[in-house]
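J.: First the structure, then my questions, so here it is.
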Amino acid sequence: MKRALALVLSIAALALVLYPIVWLVSASLTPVEELVANLRELFPGSITGSGYAQALDGVGGSTFWTFLTNSLVVSGGAVIGNVVSCALAAYAFARLRFRLSGALFAFSLLTIMLPAHVTLIPQYIVFQQLEFTDTFVPLILPKMLATDAFFVFLMVQFMRGIPYELDEAARIDGCGPVRNFRYVVLPLSQPALVTTAIFTFIWTWNDFFSQLIYLSSTEKYTIPLGLRLFIDQTSSSSYGAMFAMSVLSLVPIGLFFLAFQRFLVAGVATTGLKG
């Protein structure tokens, strides 16, 4: 009975979580007239693909593929920059000994409590003076400077769980700090690296505010900005296309997560463990 009850509760929770996604897919295939008449229907009476055709055509002179390419460039650059920079910073805090390392690590963690809106205006002024606005540089460059202290902390905790005897063995074999990081610590930190990559990709992909601040040309818009532009210009007459573009925007996130989910589970499960 306990096992059956747990199964029923799990199915109910799964249905509750998946309901918005199922409704979104259903709405993207429903004719506009039927959708507006009854928004509560989960399964459409008739199916149409006109919403997807209109979504792929895009809006504002840019197609969906342009928005998709821009999102992939921004998200891919953010993932590479965040993983590399945070891994280097975490290795220095976790495996190297130098003066003020503890104080610097604590200061890095304190930045987690600093709201992003506090630094928004100074950062914008800097990038504007450098003439980097309306480019992807402001969205990618900060990720290359280990500014996400949460991921630095995540990797530090993981790297501290790697036996220090491996460092000593590598030192005896003639490896310095750089080669020790490249051939010993980095391969063993794969779960933490993949966890950082997954969350960075999802957060950057869904980031609307920063992209709205720095991007002004339609041909450089990402998918979140493309959706806003689509809604502003076509209003209520294109609900089907709007929902269709929303469904298409979820596909890369789902594929990325499915490809690396086993590493995500391993990274969360082993972070902070010793031995």
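The values are calculated or read from the model by the stated rules, or taken from the named source; none is laboratory data. No experiment lies behind these values; they were computed from the predicted model shown. Here the Cβ is made from the backbone with ideal geometry for all residues, glycine too, and neighbour counts use every protein chain on show. Calculation scope for accessible area: heavy atoms of the full protein, side chains included, ligands and nucleic acids excluded. Shrake-Rupley method; radii C 1.70, N 1.55, O 1.52, S 1.80 Å.
J.: Could you compute how fast the chain diffuses translationally, taking Rh as the Kirkwood radius over C-alpha pairs and applying Stokes-Einstein at 10 °C with viscosity 1.306 mPa s? Give it in µm² per second. Numbers along the way, then the final one.
T.: Details: Rh = 21.7 Å.
Diffusion coefficient, whole number: 73 µm²/s.
J.: Which values of log₁₀ I(q)/I(0), to two decimal places, follow from the Debye formula for the range 1-48 at q = 0.14, 0.18, 0.29 Å⁻¹ with a uniform point scatterer at every Cα?
T.: -0.46, -0.60, -0.98
J.: Another one. Take every Cα pair under 8 Å in the chain that's 6+ residues apart, average their separations, divide by the length, and report that relative contact order as a whole percent. All intermediate terms of the calculation are to be shown ahead of the outcome.
T.: Values: 300 pairs, mean separation 90.4, N = 275.
This gives 33 percent for the chain.
J.: So which chymotrypsin sites (Phe, Trp or Tyr not before Pro) in the range 72-126 pass both tests, a DSSP loop state and at most 16 other Cβ atoms within 10 Å of the Cβ?
T.: Working: sites: Y91, F93, F98, F105, F107, Y124; in loops: F98.
In loop regions of the range 72-126 (DSSP not H, G, I, E or B), the sparsely surrounded chymotrypsin sites (Phe, Trp or Tyr not before Pro) are F98.
J.: For helix 190-205, what angle does its Cα long axis make with the longest principal axis of the chain, in degrees from 0 to 90 and rounded to 10?
T.: 40
J.: Report, to the nearest 10°, how far helix 149-160 tilts away from the longest principal axis of the Cα atoms in the chain, using its own Cα long axis and a range of 0 to 90°.
T.: So the helix axis and the longest Cα principal axis differ by about 50 degrees.
J.: Here's something else I'd like to know. Report the calculated FRET efficiency for T133 and R228 (r = Cβ-Cβ distance, R0 = 22 Å), to the nearest 0.05. If you can, show how the numbers build up before the last one.
T.: On the way: r = 18 Å, r/R0 = 0.84.
E between T133 and R228, to the nearest 0.05, is 0.75.
J.: Can you pull out the GluC sites (Glu not before Pro) in the range 113-189 whose DSSP state is coil and whose Cβ has at most 10 other Cβ atoms within 10 Å?
T.: On the way: sites: E131, E165, E168; in loops: E131.
Those satisfying the criteria are E131.
J.: Cα centroid distance between the range 30-72 and the range 148-194, in Å?
T.: 46
J.: Taking only protein heavy atoms and a 1.4 Å probe, what accessible area per residue, in Å², does the range 63-269 have with all protein chains in place?
T.: Working: 10950 Å² over 207 residues.
Per-residue accessible area for the range 63-269 comes out at 53 Å².
J.: Suppose the chain between A169 and I80 were pulled fully straight at 0.36 nm per residue; how much longer would it get relative to their current alpha carbon spacing?
T.: On the way: separation 89, 0.36 × 89 = 32.04 nm, distance 2.96 nm.
Extending this stretch completely gives an extra 29.1 nm.
J.: Moving on to the next point. Taking trypsin sites (Lys or Arg not before Pro) that fall in a DSSP loop and have at most 12 other Cβ atoms within 10 Å as cut points, what is the longest piece of the chain between them? Spell out each step's value before the answer.
T.: Values: sites that count: R40, R97, R99, K274.
Segment 100-273 is the longest.
J.: If each Cα of the range 45-98 is one equal point scatterer, what is log10 of I(q)/I(0) from the Debye formula at q = 0.14, 0.18, 0.27 Å⁻¹?
T.: These q points yield log10 I(q)/I(0) values of -0.60, -0.73, -0.97.
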